[in-house]
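The values are calculated or read from the model by the stated rules, or taken from the named source; none is laboratory data. Note that the structure is a prediction, hence the values are computed from the model and not measured. As a convention, Cβ positions derive from the backbone with ideal geometry for all residues, glycine included, and neighbour counts pool all protein chains shown.
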Amino acid sequence: MRQRFEYAAAWLFVKGLGILPRRLARAAGHGLVRVLFLLRPPLRRAAIENLRLAYPEWNDAQRREVIRKMVRNTGWLAAEFAHFPGLNRENVERVIIQEGFEHFQAGLERGKGVLLLTGHIGPWELGSFAHSVYSGRIFFLARALDNPRVDALVNRYRGLLGNRPIEKNDSVRAVLRALGSGEAVGILADNNTTRSEGVFVSFFGIPACTTTGLARFALHTDAAVVPGYTLWDDSLGKYRLCYEPAVPLARTGDQEADIVENTQRFTRVIEEVVRRAPDQWLWVHRRWKTRPEGEGSVYPD
């Protein structure tokens, strides 16, 4: 019964926003996410504590303003997601433009596939969908949602133009197969992970347990690691899908040291983007939850 209710709510949410004009849908999405955020105190506490850790020099008013805009941007993302069926090559530039695509193209031309380094920055779902509109499909790593019907609904929208999910728990062969065929695979590399699955690297000057998967794939395949992310630009009144030059890989012959060093390089890229637009990162995730052995939690609760 609960899963049926969740699916019905998700279906109504997406379909309801989808039938509204985009401007109204963005306003409605913002309002709905704002209500949900107010109903979830743990999310508010996580956002506040994360901002205190990342920006100890800020005052409470600065942190509240970033959270306010983060909630707005998340609501806008929901509306953009609902409008995916209406996006095509003829109208996509009204919503989002590309910058630096030559960096992605250069990565493809190496012939070993591309690993798109990204995070929960701006409307990340719109970024991957816009890539499929402009340039063709990509694969992306994603944990399946707990509700299979909601997961299928979300993936149906994600894949309208060919994008395909790769389940995180069964990813190695699928990623290697895609890269071997010269395809692109997007990886969100800004989540906290367990000690067994990650290494500690600096993120905002604080050790953060970070997945080693991206570094391992890159070292094994020599695929280009191209940063790609999407930001809202107030001056343009639209989004910018940005690609940056491939991140050079460290190869010293010491595999474990190279994994740590490259993971640090990838994390530094994400931090630099977040610092440029702090209101466009999803601060509700407890990025520093896992701690080094013997170190206590950085979160008060």
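Suppose the filter is among the aliphatic types (A, V, I, L, M), more than 19 Å from E80 (Cβ to Cβ) and either touching a Leu at 6+ places or on another chain (Cβ under 6 Å) or assigned to a strand (DSSP E or B) (or both); does V226 pass it? Here the answer is yes, as V226 does meet what is asked. Of these, D279, D258, D301, which one is outside any helix (DSSP H, G or I), among the charged types (D, E, K, R) and either more than 26 Å from P42 (Cβ to Cβ) or in contact (Cβ under 8 Å) with a residue 24 or more places away in the chain (or both)? The conditions single out D301. Once segment 1-36 is narrowed to residues that are closer than 30 Å to W288 by Cβ and without any contact (Cβ under 8 Å) to a residue 40 or more places away in the chain, the residue that is surrounded by the most Cβ atoms within 10 Å (Cβ to Cβ) is L36. Starting from residues that are in a helix (DSSP H, G or I) and not hydrophobic (A, V, I, L, M, F, W, C), keep the ones in segment 49-64 and report whichever is nearest to F37 (Cα to Cα). It comes out as R64.
Checked against the criterion of being assigned to a helix (DSSP H, G or I), of a type in the set (A, V, I, L, M, F, W, C) and closer than 14 Å to L116 by Cα, segment 233-242 contains not a single residue that satisfies it.
Listed here are the residues, each with its yes/no results for (1) out of contact with any strand residue (DSSP E or B) (no Cβ under 6 Å at 6 or more places or on another chain); (2) surrounded by fewer than 22 Cβ atoms within 10 Å (Cβ to Cβ).
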site: D190; (1), (2): yes, no
site: V225; (1), (2): no, no
site: E244; (1), (2): no, yes
site: Q255; (1), (2): yes, yes
site: R265; (1), (2): yes, yes
site: E272; (1), (2): yes, yes
site: G294; (1), (2): yes, yes
site: S297; (1), (2): yes, yes
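Note on segment 50-80: residues that are closer than 13 Å to R26 by Cβ and touching a Pro at 6+ places or on another chain (Cβ under 8 Å) amount to 4.
Determine if segment 260-273 includes at least one residue that is farther than 27 Å from L53 by Cα and either out of contact with any Phe, Trp or Tyr (no Cβ under 6 Å at 6 or more places or on another chain) or at pLDDT 95 or above (or both). No, segment 260-273 has no match at all. Within segment 79-91, the residues that satisfy the criterion of being farther than 13 Å from S128 by Cα and either out of contact with any Phe, Trp or Tyr (no Cβ under 9 Å at 6 or more places or on another chain) or among the hydrophobic types (A, V, I, L, M, F, W, C) (or both) are A79, A82, H83, G86, N88, E90, N91. Among the strands (runs of 3 or more DSSP E) confined to segment 85-188, the ones with at least 1 residues that are exposed (fewer than 15 other Cβ atoms within 10 Å of the Cβ) are located at 96-99, 164-167. Residues in segment 217-250 that are without any contact (Cβ under 8 Å) to a residue 24 or more places away in the chain, out of contact with any helix residue (DSSP H, G or I) (no Cβ under 9 Å at 6 or more places or on another chain) and of a type outside the set (D, E): S235, G237.
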